[in-house]
Amino acid sequence: MKTIYKITILLGLSALVTSCHDNLKPNYQYMPNMYEPVSYNTYSESSAFKNGKEGQLPAEGSLNRGFEVYEYENTTAGYDLAKANLKSPLDSLSTEDMDKAKGLFEIYCAICHGNTGNGQGKLVTQGKLLGIPNYKDRVITTGSVFHVQTYGLNSMGAYSNQLNAHERWLVATYVMKLKSEL
């Protein structure tokens, strides 16, 4: 009798296990997007936005995170105002700050202006650029150097995307140090 019960339970369990699996039908997918992701084409129309064509624009008058307001315009008058009125917020630089300023100058400026600020950088000596000024011959202030780094001037491009305001002030202070040594 015990063997009949054991055989019946064994047959019942095997029938139960084999009846749940069918090779012709796939199992249920509880999260189908994880198995079969929906792909979107770049720059395609989307129903996620109001007009269905383009993304949301930032709010009017909003500023980028980390953006620092600079009051002087990118004009000759703005340059003259910055030259006359703009003062560095850095009182005195420690040796660590001066080392950092020197490193930044060598990375971004020395290729054209030279390591000593004499206007004889590697690109000038190779004949790739002409007319790079010597700091000794220029009437510059810390404010004018900061302004030129922010907006660029003539063939020099702006460095406000590569250097934040504090780093630009460090470089401007270092440029004035180089000017005093020439």
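Applying the condition of being aromatic (Phe, Trp, Tyr) and touching a residue at least 60 places away in the same chain (Cβ under 8 Å) to region 124-175 and asking which residue is nearest to residue 82 (Cα to Cα) yields 146.
Pairing each residue of region 49-72 that is at pLDDT below 75 with any residue that is open to solvent by 100 Å² or more (accessible area, probe 1.4 Å) and assigned to a loop (DSSP other than H, G, I, E, B), provided the two are 6+ apart or on different chains, yields C-beta distances under 7 Å for 49/56; 52/45; 53/45. Being part of a helix (DSSP H, G or I), hydrophobic (A, V, I, L, M, F, W, C), open to solvent by less than 40 Å² (accessible area, probe 1.4 Å) and within 20 Å of residue 180 (Cα to Cα) is a condition met by at least one residue of region 108-122. Among the residues of region 144-168, the ones that are crowded, with 20+ Cβ neighbours inside 10 Å and either over 19 Å from the mean Cα position of the chain (by Cα) or small (Gly, Ala, Ser) (or both) come to 5 in all.
For residue 87, the criteria (1) in contact (Cβ under 8 Å) with a residue 40 or more places away in the chain; (2) part of a loop (DSSP other than H, G, I, E, B); (3) open to solvent by less than 100 Å² (accessible area, probe 1.4 Å) hold in every case but one, which is (3). Taking residue 159 as the residue in question, decide whether it is assigned to a loop (DSSP other than H, G, I, E, B), in contact with a helix residue (DSSP H, G or I) (Cβ under 6 Å, 6 or more places away or on another chain) and not charged (D, E, K, R). Answer is yes for this residue. Close contacts from region 90-108, counting a first residue that is at pLDDT 90 or above and a second that is surrounded by 13 or more Cβ atoms within 10 Å (Cβ to Cβ) and of a type in the set (S, T, N, Q), with Cβ to Cβ under 7 Å and a gap of 6+ residues or different chains, come to 101/173; 106/115; 108/162.
The values are calculated or read from the model by the stated rules, or taken from the named source; none is laboratory data. Computed from a prediction, not measured in an experiment: that's the story for all the values here. We place every Cβ from the backbone using ideal geometry, glycine too, and count neighbours over all the protein chains shown. SASA here: full protein model, heavy atoms, side chains in, ligands and nucleic acids out. Shrake-Rupley method; radii C 1.70, N 1.55, O 1.52, S 1.80 Å.
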